[in-house]
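A short worksheet on the structure shown next.
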Amino acid sequence: TVRHAIQDVERYVGLFMAPIAVTFTEADGRGVLAWRYPGTFSAPRLQFSGLVVGALVMRLQKCAGQDVRPLLVELDHPPFECAEEVRRILGSRVRFDRPENFLAFDSNTLNRRAAGVQPGLHALMRQLGDRVLEDQRQEADIVEQTRRQIESRLRNGVGGLDSIADAFGLSARALQGRLKRSGTTYETLLAETRQHLAESYLRDTGLSMTQIAMLLG
């Protein structure tokens, strides 16, 4: 149904675009797909919104009927220049320069079934999506685990990349590869951890510079 499609957008949006906080909630006979952009979001907001919102609604129309329209649309940017296209795709109830972004659908629209539904294929795609989500979570975890391992080893004056990789049951190259996929490197994490510890030692202890240097490896 349209509901399942929107629920999947909420669940899997992070697999194919920049991290954007997306929620889908239902109450009082309507469902609301809302989203907000992180402070680090750098894409042109109006163009990005037009592409994503338009593509989503047009995909729902293709699958569940050309008359599928949101009940209400609110967007946090100025109006699109193509007013006729906006009305054709999104309907007439579109508001701009609002404090938040959302698409609202009534329950009848949410209950619409897509043509040519293949439940088995949908289930298979969800399994694959969940697996990739778990891989992403593990990649994020490896960054924090590596950071903790570096700090522990610096405090004790032992080890380096090879010993940390061994602790994870990985080769040094494999660990570097996983860190790279997460947007960082061992060298970057080492420098950041040294800086954090150095600031802490200088602020909170009476250790000499020589002692601090030893503790930072």
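The values are calculated or read from the model by the stated rules, or taken from the named source; none is laboratory data. Fair warning: this is a prediction, and the values are worked out from it, not measured in the lab. These area figures cover heavy atoms from the full protein model, side chains too; ligands, DNA and RNA do not enter into them. Shrake-Rupley method; radii C 1.70, N 1.55, O 1.52, S 1.80 Å.
In the Gaussian network model of the chain, springs joining C-alpha atoms below 10 Å, which of PHE80, PHE16, PHE96 carries the largest mean-square fluctuation?
Looking only at PHE80, PHE16, PHE96, the biggest GNM fluctuation is shown by PHE16.
Apply the Debye scattering formula to the range 9-99, with a single equal point scatterer on each alpha-carbon and no solvent, then give log10 I(q)/I(0) at q = 0.11, 0.24 Å⁻¹.
-0.32, -1.60
Return the calculated 222 nm mean residue ellipticity for the chain, to the nearest 500 deg cm²/dmol, obtained by summing -39500 (n - 2.57) across DSSP H runs with n ≥ 4 and dividing by the residue count.
Values: 9 runs with 124 residues, N = 217.
Taking each H run of at least 4 residues, the total per residue is -18500 deg cm²/dmol.
At a probe size of 1.4 Å, how large is the accessible area of ARG59, to the nearest 10 Å²?
Accessible surface of ARG59 is approximately 150 Å².
Given contacts defined as C-alpha pairs under 8 Å and at least six residues apart, what's the relative contact order of the chain, whole-number percent? Spell out each step's value before the answer.
Values: 226 pairs, mean separation 38.2, N = 217.
18 percent.
Per-residue accessible area for HIS122 at 1.4 Å probe radius, Å² rounded to 10?
Probe radius 1.4 Å; accessible area of HIS122 about 70 Å².
If you average over every viewing direction, what projected area does the convex hull of the Cα atoms of the range 50-178 give, in nm²? Could the numbers behind the result be given before it?
Details: hull surface 52.1 nm².
Seen from a random direction, the Cα hull of the range 50-178 projects 13.0 nm² on average.
Order the following by accessible area, largest value first: SER49, SER182. Probe radius 1.4 Å; ligands, DNA and RNA are ignored. Intermediate values should be presented prior to the final figure.
Details: SER49 0, SER182 45 Å².
Descending accessible area places them as SER182, SER49.
What number results when the radius of gyration of the range 115-217, computed over Cα atoms, is divided by 2.2 N^0.38 Å? It would help to have the intermediate numbers written out before the result.
Values: Rg = 19.7 Å, N = 103, 2.2 N^0.38 = 12.8 Å.
Ratio of Cα Rg to 2.2 N^0.38 Å: 1.54.
If every alpha-carbon in the chain counts as one equal scatterer, what log10 I(q)/I(0) does Debye give at q = 0.11, 0.18 1/Å?
Each listed q maps to, in turn, -0.73, -1.23.
How big is the accessible area of ASP166 in square angstrom, nearest 10, if you roll a 1.4 angstrom probe over the protein chains?
Accessible surface of ASP166 is approximately 110 Å².
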